[in-house]
Amino acid sequence: KSIRAAANLADRIVLNVGVAPERIKWALEIVDEGLAESGRTRADVRLGCSVRLYVNDDRGVAAEGLRARVTAAAHMASFPGTDLSSQPEILRRVTTKLRSSYDYRLHPRRTAFAGPADENRNTQLVDAEFADWFGLGGPPAYIAERLSELAAAGFSYFTFTASGSAVNEIGR
């Protein structure tokens, strides 16, 4: 609902749905439907993508590092009122746990100490496979390739979360 509303009203939209190609496709279809409803096109808005990022030459290490970075964003897809049954299985597997077990006292923006991945109970609700699917981690060349694919999909800017509290924007 919020993606469609943004497409109907906003001049700038930042999608926070992860970077898995099927999720990006799903969200952009909603954007396009909302734009069409309001008689607009993608040329009328700037599209951005929120990216949870972990740079490491080892994709496995990067996936583990991403666990702490994707948890807070993924829990937004678990809010009451969200139809979890319509989500892809990999997302539903995590949002089902997050809906009932997410501890807001450990949310990165609510406390100075959200705890390292191995100590934060919220992070334990997310596995490395999901983190790699939702976030973007690996060697610089891999990250550049994936960001190029996102740019080709229509994104004109990205916001990067490298930790729970550090967000930087890079435009093209």
Report summary line: Checked ASP83, ASP32 against criteria (at pLDDT 95 or above, on the phi < 0 side of the Ramachandran plot and of a type in the set (D, E, K, R)); the one match is ASP32
Report summary line: Selection from the range 98-120 of residues modelled with pLDDT of 55 or more and touching a Gly at 6+ places or on another chain (Cβ under 8 Å) yields LEU106, PRO108
Query raised in the report: Does THR95 meet the test of being polar (S, T, N, Q), over 15 Å from GLY65 (Cβ atoms), out of contact with any Phe, Trp or Tyr (no Cβ under 6 Å at 6 or more places or on another chain) and at pLDDT below 75?
Result: no
Query - Residues (under 13 Å from GLU129 (Cα atoms) and of a type outside the set (A, V, I, L, M)) located in the range 54-73 - result: ARG59, GLY60, GLU64, GLY65, ARG67, THR71
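The values are calculated or read from the model by the stated rules, or taken from the named source; none is laboratory data. Predicted, not measured: the structure shown is a model, and the values here were computed from it. Neighbour counts run over all protein chains shown; Cβ positions are idealised from the backbone, glycine included.
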